[in-house]
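After the structure tokens below, expect a handful of questions from me.
The values are calculated or read from the model by the stated rules, or taken from the named source; none is laboratory data. Everything numeric here is computed off the predicted structure, so don't read it as measured data. No Cβ is skipped: glycine too gets one built from the backbone with ideal geometry, and neighbour counts run over all protein chains shown. All accessible areas refer to the heavy atoms of the entire protein, side chains included, with ligands and DNA or RNA removed. Shrake-Rupley method; radii C 1.70, N 1.55, O 1.52, S 1.80 Å.
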Amino acid sequence: MGAGDPARYMYAPEVERMARSDLAELQMQRLRRTLELAYARVPHYRTAFAAAGAKPDDLRSLDDLRRFPFTVKADLRDNYPFGLFAVPREKVMRLHASSGTTGKPTVVGYTARDIDTWAEIIARALACAGARPGDVVHNALGYGLFTGGLGFHYGAERLGCTVTPMSGGQTEKQIALMLDFGARVLVSTPSYTLNLAEVAEKSGIDLPASSLAVGVLGAEPWSESMRAEIDRRLGIAAIDSYGLSEIIGPGVAMECHLRSGLHGWEDHFLFEIVDPETLESLPLGAEGELVITTLTKEAMPMVRYRTRDITRLDPTPCPCGRTHVRLLRVAGRNDDMLIIRGVNLYPSQIEAVLLGHPGLAPQYQLVVARQGSLDHLTVEVEAAEAGADRTVLGMKLRQHIKSMLGLSCEVIVRLPGELPRSQGKAKRVRDLRKETPAG
Ligand code: DLL
């Protein structure tokens, strides 16, 4: 089936192809209800709205949302564990939490209806990625407090798939079960998917010859070069999948087979882009921080949540027929952006350079330290083969990074298999500047 083929399956075509004017009308109705719910039921919102001088009644158009305050991650921590719930705790059917790097976890809650809505959204998103009813879906995302595993689990069941609830780890067993069960769809993170490819290759298993056809991958930033590597080594179409726990978990946005931006489901989420410094709203098409308001969440409505993720929005209809806005791929989080001697750098930019470099494995870690008053970046990579001249490889990569990114760094080329492998979300950066105890 080619691009724009009317026979291409959509889970909810009447919504996915909705005219933008109808979508805006639906958003307006749902936004009003969300603001009213937040204001009436959540003390944090009542106080924050009052401080900003905004009341739900002030909303006359979607643009009026700009008068309402932002919500940030610290608001979830300050209201730990259940302070942002808009329903009595007894009405909350499920809790998820993310550990974060400091302090208390951030907790999110779902009513029975939220769980149902989430399954619908994920079913739609999986179909958008290329999954079909009847497929075997191998779910390698972590089950538990992380939203990835259970989120995709219920959505794949809703679509009518056969789900293998594998979770992360036990890599050899994962591969055996994917093959034995005839999985067509793999749900995972990009870094763990590469780990799967590597272990399969070592055991002489030809994954490209298997029934796997689609990889639904996300939960961390990844480059186009990493995508090409995954496509080739697993013989699949690797599809980008975006979401965050504070909003619902996975399912917020998903690429279609054209892989030209992620469809953000605007009947459930309202997307804005702001300048991360001034917090001014930016026009459509400009790059900036993604801000999301939920439109259908009951247990924990989120008003103008600052995701810290940097992206751009494209409202033009996709040739696949879907009309929902496309998020051009998320480069990385604002907090993950490293500033090294004045040069802004996302880890995925290093990833792109390194993957274009012959003789290196697609594994890396960045270590940032302070030497005197200067920031010092060390890029640790792995040689693809044990016998390679690692000094020459390192020198070449250093020059390549300097010419592509304008950044001087140290490169250490390790032996194959020396860097830690991802079991879920990869940890790419060690910032020793942040680890140094104060005083
Ligand atoms: O990672 C939810 C998820 C699960 C998404 C499975 C996709 C697949 P959190 O643990 O709350 O939730 O982390 C959310 O991860 O704000 C982004 O910074 C990052 N992230 C998620 N997906 C992508 C992606 C899940 N496709 C945070 N590209 C988000 C880049 C991503 N970054």
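So, Leu282, is that one at pLDDT 95 or above and within 18 Å of the chain's Cα centre (by Cα) or not?
No: the conditions fail for Leu282.
Considering only residues that are touching a residue at least 60 places away in the same chain (Cβ under 8 Å) and assigned to a loop (DSSP other than H, G, I, E, B), look in segment 231-246 and name the one that is nearest to the ligand (Cβ to nearest atom).
Looking at residues that are touching a residue at least 60 places away in the same chain (Cβ under 8 Å) and assigned to a loop (DSSP other than H, G, I, E, B), I get Ser245.
Could you say whether any residue in segment 34-52 is farther than 24 Å from Ala119 by Cα, open to solvent by less than 60 Å² (accessible area, probe 1.4 Å) and not in a helix (DSSP H, G or I)?
Checked against the condition, which is being farther than 24 Å from Ala119 by Cα, open to solvent by less than 60 Å² (accessible area, probe 1.4 Å) and not in a helix (DSSP H, G or I), segment 34-52 yields at least one hit.
Go through Arg308, Arg329 for me and flag whichever is within 15 Å of the ligand (Cβ to nearest atom), open to solvent by 30 Å² or more (accessible area, probe 1.4 Å), touching a Lys or Arg at 6+ places or on another chain (Cβ under 7 Å) and within 30 Å of His376 (Cβ to Cβ).
Criteria check complete, one pass: Arg308.
Another question, if that's okay. Using the structure shown, decide if Ser167 is in a loop (DSSP other than H, G, I, E, B) and open to solvent by 10 Å² or more (accessible area, probe 1.4 Å).
So Ser167 passes the test.
Looking only at segment 206-220, filter to residues that are more than 16 Å from the ligand (Cβ to nearest atom) and not aliphatic (A, V, I, L, M); which one of those is surrounded by the fewest Cβ atoms within 10 Å (Cβ to Cβ)?
In this case the residue turns out to be Asp206.
Evaluate the following for Glu272: is it surrounded by 17 or more Cβ atoms within 10 Å (Cβ to Cβ) and either more than 18 Å from Gly148 (Cβ to Cβ) or away from the ligand (no atom under 16 Å from the Cβ) (or both)?
Criteria met by Glu272.
Something else about it: Pick out the one residue from Asp75, Asp64 that is of a type in the set (D, E, K, R), more than 26 Å from the chain's Cα centre (by Cα) and open to solvent by less than 40 Å² (accessible area, probe 1.4 Å).
Asp64
Would you mind finding the one in Lys104, Lys55 that is without any contact (Cβ under 8 Å) to a residue 40 or more places away in the chain and within 16 Å of the ligand (Cβ to nearest atom)?
When all the criteria are applied, what remains is Lys104.
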